[in-house]
């Protein structure tokens with residue numbers, strides 16, 4: 001809670017618009033699906049495989065985070081007004097519960113599986129995933145713990161999807 005309040009109270013007008021845009025771009029995994037489409041269209045066989053695994057990992061992760069974990073561990077969304085989150089940062093407040101962050105989970109699932117298939121993009125994708133995760137706290141819709149656990153769920157699901165795909169490929 002203290003970290004959430006510190007983020008809320010720290011002025012950052014330069015970052016506010018960019019992080020709001022990044023958070024919105026990740027809605028419904030549009031950011032990751034767009035990257036997957038780019039890999040599929042402009043990449044070779046390996047990039048198409050990475051894109052397909054990335055999309056599959058988003059599906060598995062979304063199901064895990066939203067249909068399994070969220071109903072089991074119900075947590076209210078932060079009160080960004082009481083915490084003092086500036087209105088310029090606001091994104092649409094989701095109606096689902098706060099824990100874990102589905103945005104962070106999908107971001108890290110995609111970055112993990114695609115990064116392992118295409119090591120040259122691992123660091124940039126993970127930095128982008130980290131930006132999405134932070135943006136959810138910055139915009140006031142998640143507590144830091146929500147995005148940390150979401151990232152861990154995403155990482156685990158990404159590894160699992162890749163392992164299953166490798167077994168079936170052999």
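Residues checked against (1) under 26 Å from residue 37 (Cβ atoms); (2) in contact with a helix residue (DSSP H, G or I) (Cβ under 9 Å, 6 or more places away or on another chain); (3) buried (at least 22 other Cβ atoms within 10 Å of the Cβ):
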{"residue": "86", "(1), (2), (3)": "no, yes, no"}
{"residue": "89", "(1), (2), (3)": "no, yes, yes"}
{"residue": "114", "(1), (2), (3)": "yes, yes, yes"}
{"residue": "120", "(1), (2), (3)": "yes, no, no"}
{"residue": "123", "(1), (2), (3)": "yes, yes, no"}
{"residue": "137", "(1), (2), (3)": "no, yes, yes"}
Quick check: is even one residue across the range 66-77 under 19 Å from residue 3 (Cβ atoms) and crowded, with 16+ Cβ neighbours inside 10 Å? yes
Test residue 97 against the stated conditions and say whether it is in a loop (DSSP other than H, G, I, E, B), surrounded by 16 or more Cβ atoms within 10 Å (Cβ to Cβ) and within 16 Å of the chain's Cα centre (by Cα). yes
Going through the range 1-51 in order, the residues found to be in contact with a helix residue (DSSP H, G or I) (Cβ under 8 Å, 6 or more places away or on another chain), outside any helix (DSSP H, G or I) and within 30 Å of residue 88 (Cα to Cα) are 12, 26
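Since every read-out is calculated from the coordinates, none of them should be taken as a lab result. Only a predicted model underlies this, so the values are computations on that prediction, with no experimental measurement involved. So basically every Cβ, Gly included, is an ideal-geometry build from the backbone, and we count neighbours across all protein chains shown.
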